[in-house]
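These notes are about the structure you will find just below.
The values are calculated or read from the model by the stated rules, or taken from the named source; none is laboratory data. Keep in mind that what you see is a predicted model, and the values were worked out from it rather than measured. Every residue, glycine as well, gets a Cβ built from its backbone with ideal geometry; the counts of neighbours run over all protein chains shown. Note: accessible area is taken over every heavy atom of the protein model, side chains too, but ligands, DNA and RNA are not part of it. Shrake-Rupley method; radii C 1.70, N 1.55, O 1.52, S 1.80 Å.
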Amino acid sequence: CLYSKKKIDGSCSSDNISNFVQYNQYQELMKKTHLLFTLAFPLLTACQPKSETSMEMPTTNLRELISSTSTLALNEEIEQVEYIPLRTTDNPQSLLDGAAGFAVTSKYIYVYPVKEQRIALFSRQGEFIRTLITFGQGPGEFNDMLSDIQADEKRNKLYLFGVSGIWEYTLEGEYLQKHEYKQQALFQRFLTADRLGAVAFPYMPFSSGSFGLGIFTLAGDTVAMKNDFHSSEVAPEKAGFTIRLASAFTPMDNSILFKMGANDTVFRMTEKLIEPACVLQLNNSEKEIRMSIDATDFGSMQNFGSSSDLIISDMMETPSCIYFRLRYDDGHFVVSLNKQSGKTLVERCVQPADLATLSDANLLCGMLGTRSYRNFPIWGRMEGDCLAQVITPYELSLYKETGKITVPDALQEVGEDDNPIVILYHLK
């Protein structure tokens, strides 16, 4: 397998809270519940010889390319665009204070607000329908900390992921059942009707019995597990995940991409296997590696790392490329890696304010992205066959002030008190 220059083993065996968006969601959850994460996690990378797998996946020396910025080619993948303002009505429940998460189907848009524990339902055209799911102890109500949401249109299922389990509803909001966790997870998605891919909580040492990366059945049986990342920089009993994690669900093939801060390998979880997807040669400092892998060092929760380190904050994947958003040189960059050719492009983002201000404007930081399509910044995630982006009026106003972007006509009249806007990019 591939070894980074900083003594991190990268697994080649078969089987996003690193980014600032996940970090802020994590902080919000902690404020609400006063949870203290004082555990740690096993590490995830076993090895085979270089010659067996090093040529089977895209590999790029991102450290060398980061100084040669250009513009990504996302525009070549986009066929058409929908701009969908989430409209308000006289009903106060139609008002959103932003979006902590969302899901999109051909009929509905589901949003859970930043400060409210509920799921708001809008039509695909942006009309408010109702509060679909409320927080409480009543029948069918959600009574956990909400971390994310997944809509499965083929099976007519809506999943709400909490700390203690998964709530299952129909897409119209009818409660079906709750699946209890046997292993608590930070990030999870259904890969099939009975297969769940999961990334374990940070600050849990692997030696404590945590699973790291896992594929499980709903009955709790383990299909595949990855629990063997390690580094000579950190003692095994301290090794685990810290918040330097990035995860992304890819609905095209129902898989999960994952990267931890101390390793250059990006892994993919499918319904049966956990295997390498690509390698980013970052050549980060030993300090950054230790901070990323020492689950007993809580300084990583507030330390964003040196400006000379390349810190992957989150990812998204289209049919052609895997895209990475990262921090470096006191700014943010986006990177595209072509899955077939391995061609890599790097673009520096427009950043009109510091990270705290941008996160306050939009927890998802939807405009901290590439300007390759009509000079409007894009960042989002795949929902069905579309790339979905969520922006807020406040966020849009910050970028307008720079004069460095082109605002589409459909967004010119967005008011300061309006709801978030969903933008859907239909890909070729």
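Structure above, values below:
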| item | result |
| --- | --- |
| Dipole in debye (nearest 20) - the chain, about Cα centre, beta carbon charges: Lys, Arg +1; Asp, Glu -1 | 640 |
| Highest average packing first - 195-202, 351-358, 257-264, Cβ atoms within 10 Å | 257-264, 195-202, 351-358 |
| Principal axes of the chain: Cα extent on each, largest first, Å | 61, 50, 38 |
| Solvent-accessible area, 1.4 Å probe, carbon plus sulfur percent, for region 291-396 | 45 |
| Estimated dipole of region 303-397 in Debye, rounded to 20 [Cβ of Lys and Arg +1, of Asp and Glu -1, Cα centre] | 340 |
| Peptides 114-120, 97-103 ordered by average Cβ neighbours within 10 Å, highest first | 97-103, 114-120 |
| Positive-end residue of Ser207, Gln302, Ile129, charge dipole of the chain with Cβ unit charges | Ser207 |
| Taking all pairs of distinct alpha-carbon atoms in region 164-227, Kirkwood radius in angstrom | 12.5 |
| With every protein chain in place, region 167-220: carbon and sulfur % of accessible area (1.4 Å) | 48 |
| Cα coordinate range in region 214-338, projected on the principal axes (Å, largest first) | 39, 36, 22 |
| Given Lys178/Lys339; Lys115/Lys238; Lys157/Lys226; Lys226/Lys428, the pairs whose alpha carbons are separated by over 31 Å | Lys178/Lys339; Lys115/Lys238; Lys226/Lys428 |
| Residue-averaged [θ]222 nm for the chain, counting only DSSP H segments that reach four residues, each worth -39500 (n - 2.57) | -2500 deg cm²/dmol |
| Once the Cα gyration tensor of region 266-406 is diagonalised, semi-axes √(5λ) in Å | 25, 22, 15 |
| Proportion of all alpha-carbon pairs of region 161-291 beyond 22 Å (%) | 38 |
| 1.4 Å probe accessible area per residue over the chain, in Å² | 40 |
| Charge-dipole axis of the chain as Lys and Arg at +1 and Asp and Glu at -1 on Cβ define it, positive-most pick from Leu363, Gln340, Leu326 | Gln340 |
